[in-house]
Structures are given as C-alpha cells and as structure tokens.
1. Name the pairs: first residue in the range 136-165 and in contact (Cβ under 8 Å) with a residue 12 or more places away in the chain, second residue assigned to a helix (DSSP H, G or I) and surrounded by 20 or more Cβ atoms within 10 Å (Cβ to Cβ), Cβ to Cβ under 8 Å, at least 6 apart or on different chains?
2. Has the range 118-127 got at least one residue that is part of a loop (DSSP other than H, G, I, E, B), under 22 Å from residue 191 (Cα atoms), under 18 Å from the mean Cα position of the chain (by Cα) and at pLDDT 95 or above?
3. Pick from 197, 132: which is among the polar types (S, T, N, Q) and outside any loop (DSSP other than H, G, I, E, B)?
4. Test residue 210 against the stated conditions and say whether it is in contact (Cβ under 8 Å) with a residue 12 or more places away in the chain and either closer than 30 Å to residue 64 by Cβ or of a type in the set (Ser, Thr, Tyr) (or both).
5. Pull out all pairs, ordered by first then second residue, where Cβ-Cβ is under 7 Å, the residues are six or more apart or on different chains, the first lies in the range 76-90 and is under 9 Å from residue 100 (Cα atoms), and the second is part of a loop (DSSP other than H, G, I, E, B) and of a type in the set (A, V, I, L, M, F, W, C).
6. Given the criteria among the β-branched types (Val, Ile, Thr), touching a Ser or Thr at 6+ places or on another chain (Cβ under 9 Å), within 26 Å of residue 78 (Cα to Cα) and buried (at least 16 other Cβ atoms within 10 Å of the Cβ), does residue 120 qualify?
7. Of the residues 140, 88, which is on the phi < 0 side of the Ramachandran plot, touching a Lys or Arg at 6+ places or on another chain (Cβ under 7 Å) and not in a loop (DSSP other than H, G, I, E, B)?
8. Mind listing just one residue for me: the one in the range 138-166 that is surrounded by 15 or more Cβ atoms within 10 Å (Cβ to Cβ) and of a type in the set (Val, Ile, Thr) and, of those, nearest to residue 120 (Cα to Cα)?
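The values are calculated or read from the model by the stated rules, or taken from the named source; none is laboratory data. Here the structure is a predicted model, which means the values were calculated and not measured. As a convention, Cβ positions derive from the backbone with ideal geometry for all residues, glycine included, and neighbour counts pool all protein chains shown.
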Amino acid sequence: MRVGAGRYPSGLAATIALILLAACMPPASSAPASVSESPSPVPSSASPEESGTASAAPSELGVVECTAPAGSVTDVATEPDWRGFGEYREWTTADGCLLRIDVLGDRPGPAHCGFESARVIVTGSPVGARYTDASDAAEYIRDPDDVFGDPVIAAAFDPNAELPATAEDTGFRNEGWELWIVPGDETAIYLLTGTTTELWPRDLEPTGCA
C-alpha cells in the first residue's frame, strides 16, 4: 500500500509522523502569555471622589488632574481658564493632585515690563481659599533684585528664614518645595525644601504693569 494514497497515513508511517510532530512542538512553558494573562491593577476600595484618583495622564512633572468633589481645591475641571495667560508653575496636594489655579497661582513677573526675575504666588485669604480677582486675592512676592521697584517688599524677602514654631504645613507642593503658613498671620508665607526656608512677604499694594 502506498503511504499517503488514502486520507491519513497509517501503520509505521503514522507513528513516525506523530513522533516528529511532538519533537517540533515547543514546551508549554515557553509559550508567550496573552494580554489577558497580564496582572491587573488592584482596584481601590475608596470611591474616586474619596481617593482623588487620577483622571488624566501625568505631566512631565508627574502632576495629575484628579477626580475630585465639585468645588474642592483639586476640582480643576471647573477652574477658570487662566493658565493660558501666564507661565504658571504646577502646585499639587501632597499626593500629587493638581491644585485649582484660583486656589494657588505661581507665576513669574510680567516679562514685557522686565519683572520676570521675580515670582508671585497668588492665593485667596486665608491661604488655600479660592479667589476671583485682585479684590479678594493675596499676593506673596519673591523679588530679591527689587525689579518691582518696592524696596520694602524686596528687603522683606528672606532666603534663609527660620520657620516659626507655630507654622503649619498646607500640604501644597511644587517640585520638592513645601508651602507652610502661620495660621492667623497672613503677612508672609514660607517655602521649604531640604534645609532651605524662604520667607515671602505679602504685598498689599502690588505693582502694576501696563
């Protein structure tokens, strides 16, 4: 009988074929895992509103826009559209959630007036409250070179300040810096990083720029 004359090989030819087939098959452990076999993240037991889970990809600084209760300090979905009008630094909560721009805005001085070497932090009163405009905002200034032309504010900035014993951490963060305040005292804020503590004075009459 000719091997292969029928539909299937038989006898010795069939046995040889089965042996060769088994030898060519890779062991089960070498097979690549499918996508469904990849480990899945463990879901949090807290709701998105409670945990502040990220709702968008992080920026280059690792800052994320987090799901947050309406009106909270991290509810950036409903914040004013002010970020496009300046080079604002991104401040976050201690766990990395982006703060609303009307809770804390940190920008350089206006470049077209030659004030860009200074920095201005704008917040509500008290620090951490929301503000709407200059009438209810508090501005804290870092201007060691006195580009604003206000020698009192320039001199009040202290790059080597001592943190008061009554100071409290706001929980606000920016690239390794922490924002601290003394409750009830809105004349200054304190920025800490490593062993450095800076005192930024409040400017009650901010310098304008046309």
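1. Between residues of the range 136-165 that are in contact (Cβ under 8 Å) with a residue 12 or more places away in the chain and residues that are assigned to a helix (DSSP H, G or I) and surrounded by 20 or more Cβ atoms within 10 Å (Cβ to Cβ), the close pairs are 141/153; 143/153.
2. no
3. 197
4. Considered against the rule, which asks whether it is in contact (Cβ under 8 Å) with a residue 12 or more places away in the chain and either closer than 30 Å to residue 64 by Cβ or of a type in the set (Ser, Thr, Tyr) (or both), residue 210 comes out as no.
5. Final answer for the pair search is 78/70; 79/101; 80/101.
6. In short, no.
7. Values: 88 fails: not in a loop (DSSP other than H, G, I, E, B).
After ruling out the rest, the residue left standing is 140.
8. So the residue we want is 141.
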